[in-house]
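Quick note: the coordinates plus some simple rules give every number you see, no bench work behind them. Just so you know, these numbers come straight off a predicted model, no measurement behind them. Glycine also receives a Cβ, built like all others from the backbone with ideal geometry; neighbour counts cover every protein chain displayed.
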């Protein structure tokens, strides 16, 4: 098999075929003197100093995406995206939480239908059954401290995926630039 230097292939196994010609796309550094053709094709766009070493592309845990021409929104070797995201308050959609009640003496040891029942054993009511509604103080149901809601834990932000290995040709035919 004689691929072009810099050619990346997906392989359905967990080893590097033809290790003299290929290397895993794992970001490792390779010696410029040993891989002059690969250096000429890639230079140091994936890392390294370009004089003594260059880094191979690192596709571990990453999905490749088509690059655009120079000056485009996705230039060659640009990295982006994150695996986990914490939603900030400013990113949360505007929403409300309705606080409902039922009348008719419906006391139970557990709430039914997420409604606050009327307490029938007294003349006092937990809510008004008629009249103009009055907005409840938002701090009444606020978490302890009243400042924040939720937990600051990131959620996964990855589309459906399939893990597969990528290898790059480090020795082969030199690609001719048209």
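Cα atoms only, the range 15-64: Rg and Dmax in Å?
For the range 15-64, the Cα radius of gyration and maximum Cα-Cα distance read 10.8, 30 Å.
In what sequence, highest mean first, do 87-94, 31-38, 19-26, 170-177 appear when ranked by Cβ atoms within 10 angstrom? Each step should come with its number before you reach the end.
Numbers: 87-94: 7.8, 31-38: 15.2, 19-26: 16.8, 170-177: 13.2.
So the peptides 87-94, 31-38, 19-26, 170-177, ranked by packing, come out 19-26, 31-38, 170-177, 87-94.
Among 155-164, 2-11, 49-58, what's the highest-first ranking by average C-beta atoms within 10 angstrom per residue?
Result, highest mean Cβ count within 10 Å first: 49-58, 2-11, 155-164.
Can you give the FRET efficiency for residue 78 and residue 36, using 1/(1 + (r/R0)^6), R0 = 41 Å, r = Cβ-Cβ distance, to the nearest 0.05? Please list the in-between numbers first.
Values: r = 25 Å, r/R0 = 0.62.
Approximately 0.95, to the nearest 0.05.
Pop a pseudo-label 7 angstrom from the Cα along the beta-carbon direction at both residue 18 and residue 176 and give the gap in nm to one decimal.
Distance between the two pseudo-spin positions: 2.0 nm.
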